[in-house]
Amino acid sequence: MASKRVTKKAPAAESPILVKILERLQSIDPPIKRFPVLPPDPAMAFFLLALCEVCYITTRSDAGRAETALVTSSGATFYTNLGLDAVAKRLKDHPHFLRTSRFYIVNMAKVQGYRISNARDLWFDGLDKPVVNAVTATYLPAFEAWLSG
Amino acid sequence: MSGDIIAGAVDRLALWDRHFVAKDGRRVFRVREVAAFQGGKGSTLAWLAGEPAPVEIATPIEVLARQLSGHFTRTHRYHLVATDRVRAVFNRYPDSGSASGREETAGGPASPPIEESEADLKADEVLRRAAIDECELEVEGSARRVPVSALYAKSVKKALGVTALHVLLPEHVDDRKLRLYGLIDFGWRELYRLDATDGAAVAAFRAAWDIRKFSRARMLTYFRQFGVNRLNKRRLMKNIVYQLWRWIRKGIEEPSDGNIRSMWYRIKGALSHHSDVLDPGDVDLYYDVLREMIEDRRLFRYKDFGFMDMSEPYRAVGAKRPEVVLAVEKLGQFHFARTLAGMAGASFICLKGEPAVISIEYFTDELRAAVGERPVTVFFMTDLDPAGASIQRSLTEGLKKQGLTVGRVVRLVEPSIFADDVAMFSKYPVVRFEVKGTQIKPLKPARMSQVTKARDWLANDVQDPRLYTEQAAEGGRKIVTIWGIESDAADRDEVRRRFLEGAARVDRRNRRA
């Protein structure tokens with residue numbers, strides 16, 4: 001008996017203006033607003049950190065174990081046991097978060113300044129010190145494309 | 001396609017501005033102001049962010065759940081919460097008699113009963129497992145926590161983007177080990193980075209995390225029994241002991257300069273001052289927790305706490321043959337053991353019955369410093385009875401657990417060194433029991449466990465018919481006695497000869513090796 005082959009229809013090309021509107025709407029109301037992190041108080045099972053407060057996400061191993069740290073504009077750091085790649089995957093639909101190096105995911109809405117020289121440093125809202133070499137060459141085109149709107 | 005998505009996104013944004021009118025008509029508010037809805041009889045309470053009292057509206061919670069889907073998540077039959085406002089998840093500890101399942105845990109009650117039993121603790125674990133998906137949500141803008149029942153847990157997990165509600169997954173393997181054993185490593189990250197020489201930093205750290213100085217209410221947030229509003233004292237005790245160990249290792253807590261009981265007074269003293277949650281009678285709980293964590297779980301050692309070893313004067317490491325160890329059971333054999341070990345240049349230890357784990361820890365460290373990785377040979381002078389055999393096993397296993405290699409074990413007192421007449425005069429009854437067919441009945445004061453151990457010892461360890469007698473009794477029964485012989489009954493010269501020859505053999509073997 002011959003089997004019936006079912007094929008999916010290719011999606012129709014979207015109007016660029018609709019795509020743009022959708023992007024803007026998502027920027028106003030991101031699909032994910034909080035991210036589960038390890039609790040600052042052991043009485044909690046976990047804490048849900050507001051992503052709008054996060055400046056950047058990076059890897060750390062300064063407490064005897066490899067962790068992913070989420071640094072907020074108040075200077076507080078929260079941690080998750082997910083690797084940076086897994087975090088990037090979860091935030092792929094978030095319009096504000098951009099991978100800028102192997103070690104950094106940046107909240108572009110919090111970027112207040114940058115300097116592109118040999119190193120590409122970023123300044124964030126609320127943080128005194130810049131994050132040094134936060135953007136590497138591989139990720140620079142996407143970063144600059146984001147900045148240019 | 002994008003058109004539908006855009007329409008959905010616009011609707012979603014617009015929904016935030018939908019108005020509600022209070023039942024009494026005196027208040028109008030928007031969806032964006034609501035932290036949670038609570039269902040009730042004939043009406044619904046809307047808890048607005050930052051407001052202490054709710055506003056009553058007429059819309060039933062079922063209708064709200066449908067209309068506000070996407071913004072609000074149903075967490076309980078009576079509760080609907082603004083998903084984006086949920087900022088923390090807590091384990092749930094339902095109070096008995098809570099009609100709606102609501103938990104008033106913020107800050108805890110003023111004076112909770114603090115008592116428990118073994119049955120309570122078992123029930124605690126059963127309830128905890130059964131209700132692992134039940135939790136409470138802390139909502140931004142509201143001081144009240146919102147309960148999540150098991151029925152709605154799946155949709156809550158989906159809304160929050162997590163796969164479990166009782167713990168954040170993935171979990172670090174070290175955290176998981178501690179959690180499953182009920183331990184909390186308070187402020188571990190700060191402790192890791194803490195400079196133990198920075199007095200101010202140490203004081204601030206201790207002020208923030210010293211369990212002994214927690215208030216009752218704070219203790220309840222960490223060490224509460226599941227299902228009841230009581231403190232889990234065993235868990236509290238484990239955590240205090242664990243924290244002391246961590247802090248002593250870090251150098252921010254002075255080790256004990258006394259014995260094990262001295263540390264209890266330190267714990268009890270601090271607790272009495274701040275929370276008064278333990279009674280003087282809880283010292284047994286403290287001993288048991290310490291034993292469990294050290295001897296069963298092997299999390300650390302008694303020595304780590306700096307406890308002094310009361311048996312220190314009764315042991316020494318040999319200068320010439322430290323790897324040869326003479327272990328005697330009784331304190332009365334101390335002089336004999338010291339002299340004999342001195343003759344051979346060997347190590348010795350006077351066990352005073354079953355060896356204390358703390359003595360083994362100290363002795364092992366001293367031995368290891370002298371012998372390095374070389375195996376040790378242990379010569380035992382213990383009673384010829386099940387207790388003597390148990391002491392031998394305990395010391396041998398103890399040395400191995402502490403990382404020493406035990407090459408050989410030699411019994412200096414064994415049946416062969418007793419002539420028949422000596423054995424007849426020296427033996428004493430270990431247990432007596434009655435046998436009829438296959439039925440065995442212990443005769444007082446013996447218990448069945450002692451009979452079983454004695455029979456096993458006779459059959460496998462000594463296999464000497466002189467230590468077993470049967471006597472016929474009425475009704476086809478037999479009265480059986482298993483005998484033992486005190487080590488003091490052994491000929492000391494024979495023991496001395498066996499030990500010195502054995503020590504010399506160890507020398508020859510070592511040379512060959």
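Every residue, every condition in (1) under 30 Å from residue B:136 (Cα atoms); (2) in a strand (DSSP E or B); (3) touching a strand residue (DSSP E or B) at 6+ places or on another chain (Cβ under 7 Å); (4) more than 9 Å from chain B (Cβ to nearest Cβ), yes or no:
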{"residue": "A:30", "(1), (2), (3), (4)": "yes, no, no, yes"}
{"residue": "A:36", "(1), (2), (3), (4)": "yes, yes, yes, no"}
{"residue": "A:41", "(1), (2), (3), (4)": "yes, no, no, no"}
{"residue": "A:49", "(1), (2), (3), (4)": "yes, yes, yes, no"}
{"residue": "A:65", "(1), (2), (3), (4)": "yes, no, no, no"}
{"residue": "A:70", "(1), (2), (3), (4)": "yes, yes, yes, yes"}
{"residue": "A:112", "(1), (2), (3), (4)": "no, yes, yes, yes"}
Margin query: It is to be established whether one or more residues within region B:61-82 are more than 14 Å from chain A (Cβ to nearest Cβ) and under 14 Å from residue B:143 (Cβ atoms).
Written below: no
Notebook entry, point to check: So residue B:173 fits all but one of (1) facing another protein chain (nearest Cβ under 10 Å); (2) surrounded by 13 or more Cβ atoms within 10 Å (Cβ to Cβ); what number is the exception?
Noted result: (2)
Notebook entry, point to check: Residues of region B:153-172 being on the phi < 0 side of the Ramachandran plot and outside any helix (DSSP H, G or I), which ones?
Noted result: B:162, B:163, B:164, B:165, B:166, B:167, B:168, B:169, B:170, B:171, B:172
Next item on the list: Could you check how many residues of region B:331-375 are among the hydroxyl-bearing types (Ser, Thr, Tyr), crowded, with 20+ Cβ neighbours inside 10 Å and assigned to a helix (DSSP H, G or I)?
Entry: 3
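Among the residues of region B:408-423, count how many are of a type in the set (Gly, Ala, Ser), touching a helix residue (DSSP H, G or I) at 6+ places or on another chain (Cβ under 8 Å) and without any contact (Cβ under 8 Å) to a residue 40 or more places away in the chain. Lay out the reasoning, then the answer.
First, pick out the residues of region B:408-423 that are of a type in the set (Gly, Ala, Ser): B:416, B:419, B:423.
Those still in the list that are touching a helix residue (DSSP H, G or I) at 6+ places or on another chain (Cβ under 8 Å) too: B:423.
This time we only want the ones that are without any contact (Cβ under 8 Å) to a residue 40 or more places away in the chain, so: none.
Qualifying residue count, region B:408-423: 0.
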Checklist line | Residues (within 11 Å of another protein chain (Cβ to nearest Cβ) and not hydrophobic (A, V, I, L, M, F, W, C)) located in region A:72-85 | finding: A:77, A:79, A:80, A:81, A:83
Item checked: The one condition in (1) surrounded by 14 or more Cβ atoms within 10 Å (Cβ to Cβ); (2) within 20 Å of the chain's Cα centre (by Cα); (3) modelled with pLDDT under 95 that residue B:244 fails to fulfil -> (3)
Checklist line | Top-ranked residue in region A:86-106 [being within 14 Å of another protein chain (Cβ to nearest Cβ) and in a loop (DSSP other than H, G, I, E, B); ranked as farthest from residue A:122 (Cα to Cα)] | finding: A:93
Note to self: under 23 Å from residue B:277 (Cα atoms), within 10 Å of chain A (Cβ to nearest Cβ), in contact with a strand residue (DSSP E or B) (Cβ under 8 Å, 6 or more places away or on another chain) and modelled with pLDDT under 95: which single residue out of B:224, B:230, B:179, B:218 fits that description?
What the structure shows: B:224
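Return the only residue of B:110, B:143 being part of a loop (DSSP other than H, G, I, E, B), surrounded by fewer than 16 Cβ atoms within 10 Å (Cβ to Cβ), of a type in the set (A, V, I, L, M) and at pLDDT 85 or above. Full working, then the answer.
Details: B:110 fails: at pLDDT 85 or above.
Result: B:143 is the single residue among B:110, B:143 that is part of a loop (DSSP other than H, G, I, E, B), surrounded by fewer than 16 Cβ atoms within 10 Å (Cβ to Cβ), of a type in the set (A, V, I, L, M) and at pLDDT 85 or above.
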Check: How many of the residues making up region B:173-216 are touching a residue at least 12 places away in the same chain (Cβ under 8 Å) and either assigned to a loop (DSSP other than H, G, I, E, B) or β-branched (Val, Ile, Thr) (or both)?
Finding: 14
Margin query: Here's a check for you: in region B:381-406, which residue that is surrounded by fewer than 22 Cβ atoms within 10 Å (Cβ to Cβ) and of a type in the set (Ser, Thr, Tyr) is farthest from residue B:353 (Cα to Cα)?
Written below: B:405
Margin query: On the basis of being touching a helix residue (DSSP H, G or I) at 6+ places or on another chain (Cβ under 9 Å) and crowded, with 17+ Cβ neighbours inside 10 Å, does residue B:291 make the cut?
Written below: no
Check: So residue B:223 clears everything in (1) buried (at least 20 other Cβ atoms within 10 Å of the Cβ); (2) touching a helix residue (DSSP H, G or I) at 6+ places or on another chain (Cβ under 6 Å); (3) in contact (Cβ under 8 Å) with a residue 24 or more places away in the chain except one condition, right? Which one?
Finding: (3)
Next item on the list: May I ask you to list the residues in region B:262-287 that are surrounded by 13 or more Cβ atoms within 10 Å (Cβ to Cβ) and within 18 Å of residue B:356 (Cβ to Cβ)?
Entry: B:262, B:263, B:264, B:283, B:286, B:287
Note to self: Please verify whether residue B:133 is at pLDDT 95 or above, in contact with a Leu (Cβ under 9 Å, 6 or more places away or on another chain), within 14 Å of chain A (Cβ to nearest Cβ) and surrounded by 14 or more Cβ atoms within 10 Å (Cβ to Cβ), treating the condition exactly as stated.
What the structure shows: no
Notebook entry, point to check: Pairs, please: C-beta under 6 Å, at least 6 apart or cross-chain, first residue at the interface with chain A (Cβ under 10 Å from one of its Cβ atoms) and in region B:4-20, second outside any helix (DSSP H, G or I)?
Noted result: B:12/B:70; B:13/A:29
Next item on the list: From the list A:86, A:119, pick out the single residue that is within 30 Å of residue B:182 (Cβ to Cβ), free of Cβ contacts under 8 Å to residues at least 24 places away in the same chain, among the aliphatic types (A, V, I, L, M) and surrounded by fewer than 20 Cβ atoms within 10 Å (Cβ to Cβ).
Entry: A:86
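Of the residues in region B:1-45, how many are assigned to a loop (DSSP other than H, G, I, E, B) and under 27 Å from residue A:18 (Cα atoms)? Spell out the reasoning first.
Applying the first criterion (assigned to a loop (DSSP other than H, G, I, E, B)) to region B:1-45 yields B:1, B:16-18, B:22-27, B:40-43.
Next, from what is left, pick out any that are under 27 Å from residue A:18 (Cα atoms): B:1, B:16-18.
Of the residues in that region, 4 qualify.
Out of B:378, B:431, B:413, report the one residue that is among the hydrophobic types (A, V, I, L, M, F, W, C), in a loop (DSSP other than H, G, I, E, B) and surrounded by 15 or more Cβ atoms within 10 Å (Cβ to Cβ). Give the derivation first.
On the way: B:378 fails: in a loop (DSSP other than H, G, I, E, B); B:431 fails: in a loop (DSSP other than H, G, I, E, B).
Result: B:413 is the single residue among B:378, B:431, B:413 that is among the hydrophobic types (A, V, I, L, M, F, W, C), in a loop (DSSP other than H, G, I, E, B) and surrounded by 15 or more Cβ atoms within 10 Å (Cβ to Cβ).
The values are calculated or read from the model by the stated rules, or taken from the named source; none is laboratory data. Everything numeric in this text was worked out from a predicted model, so none of it was measured. So basically every Cβ, Gly included, is an ideal-geometry build from the backbone, and we count neighbours across all protein chains shown.
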